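**Student:** My questions all concern the structure below.
The values are calculated or read from the model by the stated rules, or taken from the named source; none is laboratory data. The structure displayed is predicted, hence computed values, not measured ones. When we count neighbours, we look across all protein chains shown, and the Cβ atoms used for this are built from the backbone with ideal geometry, even at glycine.
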Amino acid sequence: MRLKNSMLVLGMIGCVLLVPGAHSQVENPESPRKSSVKAAASAEPKVAGSLGDIFAQINDQAAIRRAGLKAELLRRVQVTVPVVVVVKDAKGYLQAISGWEKTVRFPVLWDDGSVSSREDIARFVRAFKPEHVIELAGGSEVSWVGDRLKKQEIFELVLSKAVDEQKADWKATLDALAQEGIVSPGMVVTDVNDSAWPAALALAAGRFQPISFIEKPSSVYQPMSVSDADALERAIERAAQATGRSWEEIGDDIDAITLAVNTGTMIKSGSGVRDRLATTDRIGRMDSNGTGKRWAWCGQIIGDQSRSVYQAMCALFLSIDHAFIWDGYSSAQPWAKYDGTQAGEVLESAGLAVELNDQPRNTLKDWKFRMVKPVGQSIGEDGSSALFLMNSKGASNVFDLPGAVDGRGKPGHMPMFDVPVALHLVHSFSLQHPMNRDTVGGRLLERGVYVYAGSVDEPFLEGFVPTPAIAHRLAGSLAFAAAVRFDERPVWKITVLGDPLVTIGPGGRRASGEIKLPGSVHLERRYKDRLKAEDFGGAIADLSLLGRDEAVARIAIALMKDKPQAFGADVALLSIPSLFRAGEYEALVDAYERLNAMGQIEPLMQDLLWLASPYLLTRASNDPAEQSRIEALLRANIRNKQKIQDAEDLAMHLRKRSLGSAVGVLESLRPTLSEHQVKMLDRAIARVRK
């Protein structure tokens, strides 16, 4: 596979970039002083010169800023071919990444056939807005098989091709760049037998980072031991030393570690219940248990191949140009330090479009009505993602906003994201169990968050960098993992999942180019052929991956009206996410009723039905037959992990007509509940009776 007419020689680029002046200020979250982002931005001079010259100027900046500025600079010199390549296996992925040429690249997404995988791909495509989406049916001559050493050899071979096909060894390419003064601010660490290896390959190639291979600790997802964490840190320090680059201080060559490994995201640091620390806050700090100084900021990539690739491609190819803010705190101290309105003003002054939800429209009721529509829809430009800043209270499986009682904000109430999202969440325990979708963090990751700062345990409010400071720091070009951490504090409980070098700055330019993939298929052509052949399920599947929700909605509505026999359970399952995003909620109900028994309990389908329920119940209030239909559908699909909350929402609506029916919905749950849940049920019934 080759790209035509798109070659770019990195060392010969002439760049015109905005590099902040040497005395620009970045807000210190531990200081009451504030800086003016608007003033700093207006004073930033345009600097012309070679890439090495600009890297040298970055080294004159404050140490905390250098990693973000270098990462942003490397993104700006990237030339993106506006084509998304979808692969289905490791062979296809290796072939696609081998086709990258120095700074000329294109996004590659991995479709494993799951609903969540296809949703991630569609979400990325809607944001990236490519000219074409290509599915790679074949694969490279290299297979991802063999023992650990064989896979490392394959990995490094593909990495070498991606960074410079003219050199046989990626190390020679990076050394040549370093001779010109061009040194990436990070390093990548992975285990080739771990499912996150594809993200490691993309981020090493995409950011010109050295790669290091480890054997991950045996504990997966559970708290790591202190000894395992210390051993991991020592292995990473040895790898940093082996690069030949400076690494022991913040502000030197290596300031970021991407840990692309599915291992414990927290560390059990003692015998107490609360003795838990974030793995990514410990890694990058010297000495046992991270008691020494910090030398790098860490971010961790977890998940299967499809999800890890999604996180990497979002970080490399999408810019953050709009923000969604939900401030669930009061204006009293100490909550006012986390004010979303202040954060929104900072981001607007930095050029981001902002949707702000603050007092008095920040209650749980406001939340539920807002989440009828996807977040981030039709705001950004081509290649844009969203920044989501949220403040709430609660635990791993509840979030409480003003007006909430008994943990009525549940993971299933989390929004659908129209585009990928970078998230900072002030909320205790949100990432305690990130691979569990029935937690706040797990559901947010499932919904499309690609880099996430949140807590693995109870950090207390002061453990979070205040939200306005987060906005200042990101606007000041700090790398995400640096922006969300206090400058000088001991290891604590805030973790970063995703690429630590994400910034909100713009990406590089797009250039036309032709990508030739043996056996590949253009989805634009295939969906048309499938429509002609009346393969409506196949056509809708392709249109969904193309991000064409309005087209899917039109086809689905037409089929249900004119060819109902062609709109079976499989077609309905494919159509419902697009019907939701297109705002066709009545058609969503029609499609839901056509699902089979398994489809109706598919987690995403149930979430979409309930997210649309505030609109559906309000809309049907003047039509008794339609109202009964929707009420029956909701009652039949009360979600297992939030039974009381869903039932209470439905009962509050039913009591307008029949208090007995309303209470009956809740009482029907009693035989299925634990003793603690029964107490919650009784309180819910009391609220309904008021």
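**Student:** All but one of (1) under 18 Å from K293 (Cα atoms); (2) in contact with a Leu (Cβ under 7 Å, 6 or more places away or on another chain); (3) of a type in the set (S, T, Y) hold for T279, so report the exception by its number.
**Tutor:** Only one criterion is unmet by T279, namely (2).
**Student:** Restrict the check to the stretch 25-45 and report whether at least one residue is modelled with pLDDT under 50, over 30 Å from F486 (Cα atoms) and not in a helix (DSSP H, G or I). Show your work before the answer.
**Tutor:** The initial filter retains those residues of the stretch 25-45 that are modelled with pLDDT under 50, namely 25, 31-45.
Keeping just the survivors that are over 30 Å from F486 (Cα atoms) gives none.
The answer is no, given that none of the residues of the stretch 25-45 is modelled with pLDDT under 50, over 30 Å from F486 (Cα atoms) and not in a helix (DSSP H, G or I).
**Student:** Please enumerate the residues belonging to the stretch 467-486 that are assigned to a loop (DSSP other than H, G, I, E, B) and either free of Cβ contacts under 8 Å to residues at least 40 places away in the same chain or closer than 27 Å to V84 by Cβ (or both).
**Tutor:** So in the stretch 467-486, the residues assigned to a loop (DSSP other than H, G, I, E, B) come out as 476-479, 484-486.
Hit for the stretch 467-486 is A479, nothing else.
Table: residues versus (1) of a type in the set (G, A, S); (2) in contact with a strand residue (DSSP E or B) (Cβ under 6 Å, 6 or more places away or on another chain).
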residue	(1), (2)
S212	yes, yes
P223	no, yes
A229	yes, yes
R234	no, no
A239	yes, yes
I254	no, yes
L259	no, yes
G272	yes, no
R276	no, yes
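**Student:** Among the residues of the stretch 228-285, count how many are of a type in the set (A, V, I, L, M) and part of a strand (DSSP E or B). Lay out the reasoning, then the answer.
**Tutor:** Step one: of the stretch 228-285, the residues of a type in the set (A, V, I, L, M) are 229, 231-232, 235-236, 239-240, 242, 250, 254, 256-257, 259-261, 266-267, 273, 277-278, 283.
Next, only the ones that are part of a strand (DSSP E or B) stay: 256-257, 259-260, 266-267, 277-278.
Selection size over the stretch 228-285: 8.
**Student:** Related question: Could you tell me whether any residue of the stretch 165-188 is crowded, with 21+ Cβ neighbours inside 10 Å and closer than 30 Å to V521 by Cβ?
**Tutor:** no
**Student:** Taking T341 and the conditions (1) assigned to a helix (DSSP H, G or I); (2) more than 30 Å from N362 (Cα to Cα); (3) out of contact with any helix residue (DSSP H, G or I) (no Cβ under 7 Å at 6 or more places or on another chain); (4) among the β-branched types (V, I, T), which numbered condition does it fall short on, given that it satisfies the others?
**Tutor:** Here T341 clears every test but (2).
**Student:** To continue, here is another question. If W367 meets every condition in (1) part of a loop (DSSP other than H, G, I, E, B); (2) out of contact with any Asp or Glu (no Cβ under 8 Å at 6 or more places or on another chain) apart from one, which number is that one?
**Tutor:** The one condition W367 does not meet is (1).
**Student:** Sticking with this structure for a sec: State all residues of the stretch 405-421 that are part of a loop (DSSP other than H, G, I, E, B) and either of a type in the set (D, E, K, R) or crowded, with 22+ Cβ neighbours inside 10 Å (or both); if no residue qualifies, say none.
**Tutor:** Passing the criteria: D406, R408, G409, K410, M414, P415, M416, D418, V419, P420.
**Student:** Run down V108, V77 and say which single residue is within 26 Å of A481 (Cβ to Cβ) and either among the polar types (S, T, N, Q) or more than 22 Å from the chain's Cα centre (by Cα) (or both).
**Tutor:** None of the others qualify; the one that does is V77.
**Student:** Need pairs with beta-carbon distance below 6 Å; first residue within 22 Å of R639 (Cβ to Cβ) and within the stretch 416-441, second among the aliphatic types (A, V, I, L, M) and in a strand (DSSP E or B); sequence gap 6+ or separate chains.
**Tutor:** Pairs found: F417/V375; L425/M390; F429/A395.
**Student:** Looking at the stretch 609-627, is at least one residue among the small types (G, A, S) and outside any helix (DSSP H, G or I)?
**Tutor:** Checking the stretch 609-627: not a single residue is among the small types (G, A, S) and outside any helix (DSSP H, G or I).
**Student:** If I ask for residues that are surrounded by fewer than 24 Cβ atoms within 10 Å (Cβ to Cβ) and either among the aliphatic types (A, V, I, L, M) or closer than 21 Å to A127 by Cβ (or both), which ones from the stretch 471-493 would you list?
**Tutor:** The answer is V491, and nothing else.
**Student:** Next question, about the same structure. Does at least one position in the stretch 149-157 carry a residue that is under 27 Å from the mean Cα position of the chain (by Cα), of a type in the set (A, V, I, L, M, F, W, C) and not in a helix (DSSP H, G or I)?
**Tutor:** There is no residue in the stretch 149-157 that is under 27 Å from the mean Cα position of the chain (by Cα), of a type in the set (A, V, I, L, M, F, W, C) and not in a helix (DSSP H, G or I).
**Student:** Let me ask something else. Which count do you get for residues in the stretch 602-632 that are touching a residue at least 40 places away in the same chain (Cβ under 8 Å) and of a type in the set (V, I, T)? Walk me through it before giving the result.
**Tutor:** Let us first name the residues in the stretch 602-632 that are touching a residue at least 40 places away in the same chain (Cβ under 8 Å), namely 602-604, 606-608, 610-612, 614-615, 629-630.
If we keep only those that are of a type in the set (V, I, T) too, we end up with 630.
The qualifying residues number 1.
**Student:** Same structure again: Checking H676 against (1) at pLDDT below 95; (2) of a type outside the set (S, T, N, Q); (3) surrounded by 15 or more Cβ atoms within 10 Å (Cβ to Cβ), which test does it fail?
**Tutor:** It is condition (3) that H676 fails.
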